[in-house]
Amino acid sequence: MENKKSITHVVLTGGIGSRLWPLSRKSQPKQYLNLFEGKSLFELTVERNRNIADKMMVVGNADNCHLSKIVMEKSQLDYVNIVESTPRNTAAAIAFAAFASQPDDILIVTPSDHIIDAMDQYEKAIKEAIEKAEKGAIVTFGISPTKPETGYGYIERRGDAVISFREKPNQITAMNFIAKGNFLWNSGMFCFKASVFLEELKAFQPEVYEKSKIAWDNNQEGQLDLELSLEIPSISVDYAVMERSKKIKVVASSFVWSDLGSFESVYDYLKSKGHPVDKNGNMAIGTKNFTAFVGTKDTIFVFTEDANLILKKKSSQDVKYVYNALEKEQSTLLN
């Protein structure tokens with residue numbers, strides 16, 4: 001009987017979600033907020049993939065691993081817990097998961113803070129990606145765009161071959177991408193054999209590979225040493241491998257996908273689930289208090305106990321500037 005390859009779902013839980021401040025804080029990043037029909041994005045990610053994979057790994061950090069643990073205990077799933085002492089970006093985070101796997105294990109790597117619907121399309125895309133990964137490809141998932149979104153990166157493709165990865169575009173460039181018809185949103189999800197990823201990382205970023213391996217070899221029950229971690233160059237997986245490897249294939253899919261990276265995308269999601277919006281398109285988030293909007297349109301009011309945010313929906317990408325200003329002041333409002 002053929003030995004079944006193990007399929008591991010690797011969840012990356014780093015990231016603070018600065019564009020969702022004041023809801024998202026360092027102590028409670030956006031992926032742990034129970035905003036989504038009483039569940040968090042992290043919990044939805046775990047549930048979505050539990051039938052697809054045989055194993056689960058959570059790559060988190062010292063600040064958030066206790067939040068992941070609460071969700072994992074609730075879902076009653078066994079998992080490999082990898083705790084970074086300090087974030088070293090996605091190339092290292094994924095390397096740790098690959099080092100913790102068998103060479104032929106297939107890893108499905110996903111962020112923990114995305115909304116996905118149309119599960120039949122999603123499962124079809126995953127199945128296609130696993131087939132390509134078994135043949136030695138590093139697979140990235142591209143989403144058929146529904147609008148010229150400026151908050152996402154794009155993948156230019158010909159069939160399943162990737163021509164280029166593009167940074168977040170401005171409005172005119174995004175409209176050109178949509179018009180050309182061979183551009184997909186870059187979902188930040190990947191699928192590959194552990195050994196294939198490590199070979200490519202070693203070829204293109206030998207220092208990230210070596211330093212990550214030393215840190216992993218010295219882990220204590222999945223906990224990584226701070227001094228050894230600080231030696232690892234902080235590089236995203238996109239720069240380290242995706243934009244350089246010749247083994248990249250893209251699976252194009254039309255499952256409903258959003259990284260909920262801004263209040264505009266949270267607004268759209270909540271509205272689709274029946275959250276109240278007034279006749280001028282205004283929405284209050286985080287409060288049951290009666291909230292009246294006078295003389296404003298498409299405005300979002302975000303309430304928390306110690307900070308409120310009022311923004312035009314179309315300016316939601318600019319919330320990060322508020323976050324950055326508070327960070328400069330070392331404000332406790334980010335904690």
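The values are calculated or read from the model by the stated rules, or taken from the named source; none is laboratory data. Not measured: the values here are computed from a predicted model. With ideal geometry, Cβ positions are generated from the backbone for all residues, glycine too; neighbour counts draw on all protein chains shown. Accessible surface areas use protein heavy atoms only, side chains included; no ligands, DNA or RNA. Shrake-Rupley method; radii C 1.70, N 1.55, O 1.52, S 1.80 Å.
Whole Å is fine, so just give me how far the alpha carbon centre of segment 164-214 lies from that of segment 258-273.
24 Å
Would you please classify the overall shape of segment 149-215 from the alpha carbon gyration tensor, given that a ≥ b ≥ c denote the square roots of the eigenvalues, rounded means a/c under 1.5, and beyond that prolate means a/b larger than b/c while oblate covers the rest? Before the final figure, lay out the partial values.
Working: a/c = 3.30, a/b = 2.25, b/c = 1.47.
Since a/c reaches 1.5 and a/b is larger than b/c, the shape of segment 149-215 is classed as prolate.
Given a 1.4 angstrom probe, I'd like the percentage of the accessible area of the chain that is carbon and sulfur, rounded to a whole number.
Numbers: 8050 of 16270 Å².
Using a 1.4 Å probe with all protein chains present, the chain comes out at 49 percent carbon and sulfur.
Using a cut-off of 16 Å between alpha-carbon atoms, which aspartates and glutamates can reach K312, once sequence neighbours fewer than 8 places away in the same chain are excluded?
List returned: E264, D268, D278, D298.
Between the alpha-carbon centers of segment 1-63 and segment 282-335, tell me the distance in whole angstrom.
25 Å
For the chain, with the dipole built from +1 on Lys and Arg beta-carbon atoms and -1 on Asp and Glu ones, taken about the Cα centre, which of W257, N218, A133 lies farthest toward the positive end?
With unit charges placed on the Cβ atoms, the residue in question is W257.
Ranked from highest to lowest mean number of other Cβ atoms within 10 Å per residue, what is the order of the peptides 148-155, 268-275? Before the final figure, lay out the partial values.
Details: 148-155: 19.6, 268-275: 13.0.
Order by mean packing, descending: 148-155, 268-275.
Per Stokes-Einstein, at 25 °C and 0.890 mPa s, what whole-number D in µm² s⁻¹ belongs to the chain, with the Kirkwood radius over Cα pairs as the hydrodynamic radius?
Values: Rh = 20.9 Å.
Approximately 117 µm²/s, per Stokes-Einstein.
Please compute the per residue accessible area over segment 143-189 with all protein chains in place, 1.4 Å probe, rounded to a whole number of Å². Walk me through the intermediate numbers first.
On the way: 2400 Å² over 47 residues.
Using a 1.4 Å probe on heavy atoms only, each residue of segment 143-189 averages 51 Å².
List the pairs from K180/K297; K55/K193; K202/K249; K55/K211; K30/K69; K55/K202 whose alpha-carbon separation is above 22 Å, in the order I gave them.
On the way: K180/K297 33 Å; K55/K193 14 Å; K202/K249 19 Å; K55/K211 26 Å; K30/K69 16 Å; K55/K202 25 Å.
Beyond 22 Å between Cα atoms: K180/K297; K55/K211; K55/K202.
Within the set K247/K313; K26/K74; K147/K320; K39/K328; K26/K168, which residue pairs have Cα atoms separated by over 29 Å? List each step's numbers first, then the result.
Numbers: K247/K313 40 Å; K26/K74 22 Å; K147/K320 22 Å; K39/K328 32 Å; K26/K168 25 Å.
Over 29 Å Cα-Cα: K247/K313; K39/K328.
Explain nothing, just the number: dipole magnitude of segment 145-228 about its Cα centre with +1 on each Lys and Arg Cβ and -1 on each Asp and Glu Cβ, in debye rounded to the nearest 20. All intermediate terms of the calculation are to be shown ahead of the outcome.
Values: 10 positive and 12 negative charges, 136 e Å.
That gives a dipole near 660 debye.
Taking 8 Å as the Cα distance limit and 6 or more residues as the minimum spacing, I'd like the relative contact order of the chain as a percentage. Could the numbers behind the result be given before it?
Numbers: 625 pairs, mean separation 73.4, N = 335.
Across the chain, relative contact order equals 22 percent.
Rounded to the nearest 500, what is the chain's calculated 222 nm mean residue ellipticity when only DSSP H runs of at least 4 contribute -39500 (n - 2.57) each, over all residues? Before the final figure, lay out the partial values.
Details: 10 runs with 105 residues, N = 335.
My calculation for the chain gives -9500 deg cm²/dmol from helical runs alone.
Which value, in debye to the nearest 20, describes the size of the charge dipole of segment 26-144 about its Cα centre when Lys and Arg Cβ atoms bear +1, Asp and Glu Cβ atoms bear -1, and nothing else is charged? It would help to have the intermediate numbers written out before the result.
Values: 13 positive and 17 negative charges, 57 e Å.
For segment 26-144, the charge dipole is close to 280 debye.
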